[in-house]
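Engineer: For reference, the structure I am asking about is given below.
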Amino acid sequence: MFWAVFRVEGLSLVRDRAVWAVLLGFALVVVYAALSGGALAQAERRAHSELLTEERARFAALQDELVAIERGGPVRHLTDPRDPHIVGRELGRRVATLPPGPLAAVSVGQRDLLPTAIIVTTEARLGDSGADDAAGLARRVTGAFDLAFVLVFLLPLVVIALSFDVLSAERERGTLALVLAQPIRLGTFVLAKTALRAAVLLVVVLAAGIVAPLVAGGGLSGADVGANVLGYAGLLVGYTAFWFCLAVLVNAFGSSSSGNALSLVGVWLLLVVVVPGLTSVVVDTLHPAPSRVELVNRARDAAREAEAEVSELEGDHGAAPASADRDVARRAVHVQGQLESRVEPVIAAFHAQLARQQALVDRLRFLSPAIVAFEGMSDVSGSGVTRHQQFSAAVSELHAEHKRFFFARIEQGARLTSADYERMPRFERREPPPSALLWRVGSGLLGLLVPAGLMVVLSLRGFRGLLSRGLR
Amino acid sequence: MADRTSQRSVHRALILKELREISRDGRFRVAGAVVLALLLATLAFGAREQQSVKAERAAAQATADDHFRAQDEKNPHVAAHYGTYVFKPSGVLAFVNPGVDAFVGVSLKLEAHKRNPLEGAKARDGTALSRFSRLSVAQVIELLVPLLLIGIGFGVWTSERERGTLRQLASLGVAPRALLLGKLLGLLGAMALLLVPAGLLGTAIVALLVDLGGPGTLPRGLALVAGYAVYILAWVLLTLLVSAHASSSRAALVTLLGLWVVGGLVVPRLAADAAVAAARAPTSARVAANVRESLTRGLPGGPDREARVSELTEKLLERHGFLGAETLMDASLLSGLELQAEAAFENEVIDHHFAVLARALDRQDRFLQLFGALSPVVAVRSLSMALAGTDGAHHRHFSDSAERHRRELVELLNTEFAERGGALGFDYKAGRELWAKAPVLRYEQPTLGWVLGRQWPSVALLVGWLVLAGAGALRAVRRMRVV
């Protein structure tokens, strides 16, 4: 009987122009969002590869010059490739990049705010300037038109449009009594109707929502595409199921079609807009980010003398290159060490607080399926806070190694050799294993499917009550 | 005369009936209470946030000024390298609409030779969730209030028709205009129940907690209230229009919700996306690279650095009457004038490249405003951010005045070096009496006229929405089926 309803309903759905319009419109929006997100990811890749090419060329030139000098060529003091102070601080700067993930087109996340390419030198790392420029400000403020937005905000509304009257319309048209005169249970009838709608929508969502970003983002070469795509598909199915189950529940207890639509939109508003908004307020209140404004002055205050010394070194225009005098280089290293030791605890406080915020979000996400879906999409697309923090930690390691390497040679008063160039620390990116991703997304998925299951059980009870009241 | 009195009593009866019906509607009570609570909560939260931001930045500015004044004796130009920090003060009305504030930097290092970017955007220190859904007073008014309006108003005509009461009214000979006025004032009354308390609280917050700021606050505040009034009135009329036009309550609801989703969620993001993509602006990194490049090679099409700096030095020497007599000058005077010439060249380069950026961003802004034709939300949002002083243009306005301030400071230090240094050159050192003379940045927001000069497309489009919705509602009511 389930399949009979499924088939009949399918026929009437196929003839419904409004359904086609909604599905087609939604598919177009999904494709547009994927293209828009993909364009951003591609631009990012281009910027990264420019930086990395520049780095390779720069190092090749330095090594060439070094060989030339070793063979008795002329030495230019300001760009001496043997000078550890100059190379560590400027000429031998390293580029660390966090490439967009395979599904980067799905969610921009914090990628448009946090730097994905960081230049490492021996200088103190007081906070990486980077992505926060004026050119994309309008988009950052409003939020990007990416798939995460389309799927989290708009997909539930499409579900509601397709199913707010899945039962009430039959009652209002008076066809329900006819149907129930057949040997079919009310629950089976409604579930079959809903399952059909869900199946049709999922075909569109999975086809357009997975293929489009993979093609547009151009990141298929990544090693763990499989885990990402699997997690993403799971999220899409789970999130869609949640909203269909909610629609069934509202129909089971609901009244008129208009009443159902209003209730569903109300719940949508609550779960997608209000609860996430309040959650972020709670997170900000419990773990407020330290103040950047205060950081500026604290750093300035703590390292005032140090900075004054540094500016003394720089402001003295006519003087010879700083490293002509080894003592000057040593003093600069010392001054910087002071500055860093005082500022580092403050910077660490920022990272720790952000990690605490994210941990709290990870727990509170179960308050709303929208948060679960949004966080999950950030994770599968590799634009979540966690991946950025791991990147930042890896950059810190490189920074420490880079400093160790050059400072040791400055202290010894040594010159860099060709062999040193081979040993210079490079950036090594470590991606978390796919199992970590699957665990995070999987636990989130439970946060979608458990409530969905509960709603089905409640709906079945609601149907029984509806029948006992004689469908009124 | 009697006719007019009876008309007036009909009006009164209609309005009272609407208000009574709405206030008895359980849905309105619950949803209205939720929206009112959110409105008050966002007001209180925004005001608290703003107060702490204001106190923090004022304290930070005082500390930074102290740091500069408490410097040891040093060469004035070395002091210009040491530099100072300025912190962006927040506008008085930012608590209504935080706008771009979380996404732009707040502190700026002023030093010789460089126009630094503003650093420390707050959004970078939060999770992605805080961007996913940010509730503010503006968000509640722009999105939730219209949704509430739709919830109570979608059946305003259709349900009367479905119940058969519309026919009765028509048979009494009540003019459609009077009916429309009754419904309109009824819905507006319901909105007033929510918005007047919130508005009073907002005014109280401005008056009590936040000091009134400059003379510009009052006109901006009034314009903001007027803008939102026009916006809400437009939504009321739009709701009446759709309800009168629709064949059933269900159809009216679905249409209105569709309009809300497209107008409130889809179009704003699409507009921002399209504006950023269509009116490309150079990134900050690009601008910085261009400035660096021009600083070594000279501006595109112009003389190179050395030629231009010596040209400027000659002008300065001529002004001081030393042209051709450089050998007779004190070392400091020559160095000081050369530094001034160098700074003048740097300023030319910076001005050139930032003007390119500003033009691109203005284009982007105008392009974005045009999308107000597709959705009143875009128009009111752009206007509201501008009036609250939290749009990109205000940010640039601050950044520009900070740059002017930087130049004043550097000019002061270099002039001092040139005029007082004597034969000592870079060995000359100045003390605290010079640091105390450093100018203090007193930032004033631009006037209302400046805001409206940039926002006229949004204002025009918003009024356009109002007029169209009004005319459409009247037409639809005149042609409405009563059975």
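The values are calculated or read from the model by the stated rules, or taken from the named source; none is laboratory data. All of these numbers come straight from a predicted model, not from anything done at the bench. In this analysis, Cβ positions are derived from the backbone assuming ideal geometry, glycine residues included, and neighbour counts consider all displayed protein chains. Surface accessibility is based on the protein's heavy atoms, side chains included, excluding ligands, DNA and RNA. Shrake-Rupley method; radii C 1.70, N 1.55, O 1.52, S 1.80 Å.
Engineer: Residue by residue through A:280-288, how many Cβ atoms from other chains fall within 10 Å of the Cβ on average?
Structural biologist: Averaged over the peptide's residues, the number is 4.
Engineer: Okay, next question. Quick one: order A:Tyr232, B:Tyr85 from most to least accessible surface, probe 1.4 Å.
Structural biologist: I get B:Tyr85, A:Tyr232, largest accessible area first.
Engineer: What fraction, in whole percent, of alpha-carbon pairs in segment A:337-468 exceed 18 Å separation?
Structural biologist: That fraction is 70 percent.
Engineer: In whole Å, what is the distance between the alpha-carbon centres of segment B:438-471 and segment B:158-185?
Structural biologist: With segment B:438-471 and segment B:158-185 each reduced to a Cα centre, they are spaced 39 Å.
Engineer: Something else: Would you mind putting A:172-181, B:48-57, A:77-86, A:134-143 in packing order, based on average other-beta-carbon counts within 10 Å, highest first?
Structural biologist: A:134-143, A:77-86, B:48-57, A:172-181
Engineer: Additional query: For a quick check of understanding: with a 1.4 angstrom probe and all protein chains in place, what accessible area in square angstrom does B:Val291 have, to the nearest ten?
Structural biologist: 20
Engineer: Next question, about the same structure. Across every pair of different alpha-carbon atoms, what Kirkwood hydrodynamic radius in Å does chain B reach?
Structural biologist: Radius from the Kirkwood sum: 26.3 Å.
Engineer: Contact order normalised by length for chain B, with contacts defined as Cα pairs under 8 Å and 6 or more residues apart; what percent is it?
Structural biologist: Result for chain B is 26 percent.
Engineer: If packing is taken as the average count of other Cβ atoms within 10 Å, what order do A:362-368, B:130-136 fall into, highest mean first?
Structural biologist: B:130-136, A:362-368
Engineer: Between segment B:400-431 and segment A:132-185, how many Å separate their Cα centres?
Structural biologist: 65
Engineer: What ranking of A:Lys193, B:Lys315, A:Lys403 comes out by heavy-atom accessible area, probe 1.4 Å, highest first?
Structural biologist: Result of the area sort, largest leading: B:Lys315, A:Lys403, A:Lys193.
Engineer: What aspartates and glutamates does B:Lys17 reach when the alpha-carbon gap must be under 18 Å and sequence neighbours fewer than 8 apart in one chain are set aside?
Structural biologist: B:Asp25, B:Glu160, B:Glu162
Engineer: For chain A, what are the per-bin percents of Cα-Cα distances with bins 10 Å wide, up to the bin holding the maximum?
Structural biologist: 4, 17, 22, 19, 14, 10, 6, 5, 2, 1, 0
Engineer: Sticking with this one: Just list whichever of B:Lys74/B:Lys109; B:Lys74/B:Lys122; A:Lys403/B:Lys114; B:Lys88/B:Lys315; B:Lys122/B:Lys429; B:Lys88/B:Lys114 have alpha carbons separated by over 28 Å in the model shown.
Structural biologist: Cα-Cα > 28 Å for B:Lys74/B:Lys122; B:Lys88/B:Lys315; B:Lys122/B:Lys429; rest within.
Engineer: Based on a Kirkwood Rh over C-alpha pairs, give the Stokes-Einstein translational diffusion coefficient of segment A:28-147 at 25 °C and viscosity 0.890 mPa s in µm²/s.
Structural biologist: Estimated via Stokes-Einstein, D reaches 145 µm²/s.
Engineer: Moving on to the next point. Would you calculate, for chain A, the mean residue ellipticity at 222 nm contributed by helices, counting each DSSP H stretch of 4 or more residues as -39,500 (n - 2.57) and dividing by all residues, to the nearest 500?
Structural biologist: About -23500 deg cm²/dmol.
Engineer: With no solvent and one equal point scatterer per Cα, compute the Debye intensity ratio I(q)/I(0) for the protein assembly as shown at 0.04, 0.06, 0.08, 0.10 Å⁻¹ and report its log10, rounded to two decimals.
Structural biologist: With no solvent term, the Cα-only Debye profile gives -0.24, -0.52, -0.85, -1.22.
Engineer: Hey, another quick one. Rg/Rh for segment B:387-473: what does it come to with C-alpha atoms and Rh from Kirkwood?
Structural biologist: Result: Rg/Rh = 1.37.
Engineer: Given the DSSP H assignment, sum -39500 (n - 2.57) over each helix run of at least 4 residues in chain B and divide by its residue total; what's the result at 222 nm in deg cm²/dmol, nearest 500?
Structural biologist: Helix-only estimate at 222 nm: -23500 deg cm²/dmol.
Engineer: Starting from the Cα of A:His77, step 7 Å along the direction of its Cβ; do the same at A:Arg46; then give the gap between the two resulting points in nm.
Structural biologist: So the two model labels end up 4.2 nm from each other.
Engineer: Using r as the Cβ-Cβ distance of B:Ser248 and B:Ala460, and R0 as 41 Å, what FRET efficiency do you calculate, to the nearest 0.05?
Structural biologist: Between B:Ser248 and B:Ala460 the formula returns 0.70.
Engineer: Sticking with this structure for a sec: Ignoring ligands and nucleic acids, what accessible area does A:Thr417 show with a 1.4 Å probe (Å², nearest 10)?
Structural biologist: Taking all protein chains as shown, A:Thr417 has close to 60 Å².
Engineer: Can I ask one more? Roughly how many whole Å is it from the C-alpha centroid of segment A:79-106 to that of segment A:255-295?
Structural biologist: Computed from Cα coordinates, the inter-centre distance equals 40 Å.
Engineer: Still on this structure: Helix A:186-217 sits at what angle to the longest principal axis of chain A, using alpha carbons and giving 0 to 90 degrees rounded to 10?
Structural biologist: Between helix and principal axis, roughly 30 degrees.
Engineer: Sum up the charges of everything whose Cβ sits under 11 Å from the Cβ of B:Val378, counting Lys and Arg as +1 and Asp and Glu as -1, but leave B:Val378 out.
Structural biologist: Result for the local shell: +1.
Engineer: How far apart, in nanometres, would the label points at B:Ala44 and B:Arg292 be if each is projected 7 angstrom from Cα along the Cα-to-Cβ direction?
Structural biologist: 5.0
Engineer: Provide the gained length on full extension for the span A:Ala68 to A:Arg173, in nm with one decimal, where the gain is 0.36 nm per separating residue minus the Cα-Cα distance.
Structural biologist: Full extension of this stretch gives 28.8 nm more.
Engineer: What order do A:Trp439, A:Trp20, B:Trp465, A:Trp268 take when sorted by accessible area (1.4 Å probe), most exposed first?
Structural biologist: A:Trp439, A:Trp20, B:Trp465, A:Trp268
Engineer: Then there's this: Not counting ligands, DNA or RNA, and with a 1.4 Å probe, what is A:Glu294's accessible surface area in Å² rounded to the nearest 10?
Structural biologist: Accessible area, nearest 10 Å²: 90 Å².
Engineer: With label points built 7 Å along Cα→Cβ from the Cα atoms of A:Val450 and B:Ala207, find their separation and express it in nm.
Structural biologist: 5.1
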